[in-house]
Amino acid sequence: MAYSDRELLARLIQCEAGGEGDNGMRAVASVIMNRVNAPSGEYARVGKGSIRNIIFQEGQFVCASATENGKPNLQNIYNMEPEEIHYDIADWAIAGNRLSPLGSALWFFNPFSNTCRQNFPNENGYFITRIGKHCFYNPNDSYYDT
């Protein structure tokens, strides 16, 4: 795949949070870049400071997969057509900016309900905020031992 890191990040932002407004997209971009820059733990080992490695880490982002459960996944980064806003947010995040309420959030998910669970995943993260339909989680100290 010949996509640049900027292109991959813009496509993932659009795919994961395109309908969540500027703050929702900035929040997702912040999580990606927090993973890229994680000082230790799983994302430091797997990502090695690479946007590409973080985006394509197996099982992390449905939008980075062409298939899900053996069926074509049409809602993926390969089918996105990013607009200027997606590139602007990718540039913003790559430049080191983060959405302030997130802290060092490493995870997000859409619970498809009005409430967010307090811990995620496997008790390694704690709920920090909800932005749009997504719940965001900061790592506990235990995450850095993973």
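So here's what we get for this one:
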| quantity | calculated |
| --- | --- |
| Residue in the stretch 83-103 that is surrounded by 16 or more Cβ atoms within 10 Å (Cβ to Cβ), touching a Phe, Trp or Tyr at 6+ places or on another chain (Cβ under 7 Å) and either modelled with pLDDT of 95 or more or not in a loop (DSSP other than H, G, I, E, B) (or both) present | yes |
| Candidate set: the stretch 39-82, residues that are charged (D, E, K, R) and under 27 Å from SER104 (Cβ atoms); chosen: the one surrounded by the fewest Cβ atoms within 10 Å (Cβ to Cβ) | GLU58 |
| Filtered residues of the stretch 104-127 (kept if surrounded by fewer than 19 Cβ atoms within 10 Å (Cβ to Cβ) and either in contact with a Pro (Cβ under 7 Å, 6 or more places away or on another chain) or basic (Lys, Arg) (or both)) | SER104, ARG117 |
| Where a residue in the stretch 74-88 is at positive phi and its partner, wherever it lies, is surrounded by fewer than 17 Cβ atoms within 10 Å (Cβ to Cβ) and at pLDDT 95 or above, with Cβ under 6 Å and at least six apart | none |
| Residue identified as surrounded by fewer than 22 Cβ atoms within 10 Å (Cβ to Cβ) and touching a Lys or Arg at 6+ places or on another chain (Cβ under 8 Å) among ASP22, ASP5 | ASP5 |
| The stretch 14-53, subset part of a helix (DSSP H, G or I) and of a type in the set (D, E, K, R), residue farthest from the chain's Cα centre (by Cα) | ARG45 |
| Residue within the stretch 122-133 that is among the small types (Gly, Ala, Ser) and farther than 15 Å from TYR43 by Cα present | yes |
| Flag for ARG11 being more than 24 Å from GLY103 (Cβ to Cβ), assigned to a helix (DSSP H, G or I) and modelled with pLDDT of 95 or more | yes |
| Residues being farther than 27 Å from SER4 by Cβ and touching a Leu at 6+ places or on another chain (Cβ under 8 Å) - total across the stretch 74-129 | 3 |
| Of the criteria (1) in contact with a helix residue (DSSP H, G or I) (Cβ under 7 Å, 6 or more places away or on another chain); (2) in a loop (DSSP other than H, G, I, E, B), which one SER113 fails | (1) |
| Flag for ASN124 being modelled with pLDDT under 95 and either in contact with a Ser or Thr (Cβ under 8 Å, 6 or more places away or on another chain) or β-branched (Val, Ile, Thr) (or both) | yes |
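The values are calculated or read from the model by the stated rules, or taken from the named source; none is laboratory data. No experiment lies behind these values; they were computed from the predicted model shown. As a convention, Cβ positions derive from the backbone with ideal geometry for all residues, glycine included, and neighbour counts pool all protein chains shown.
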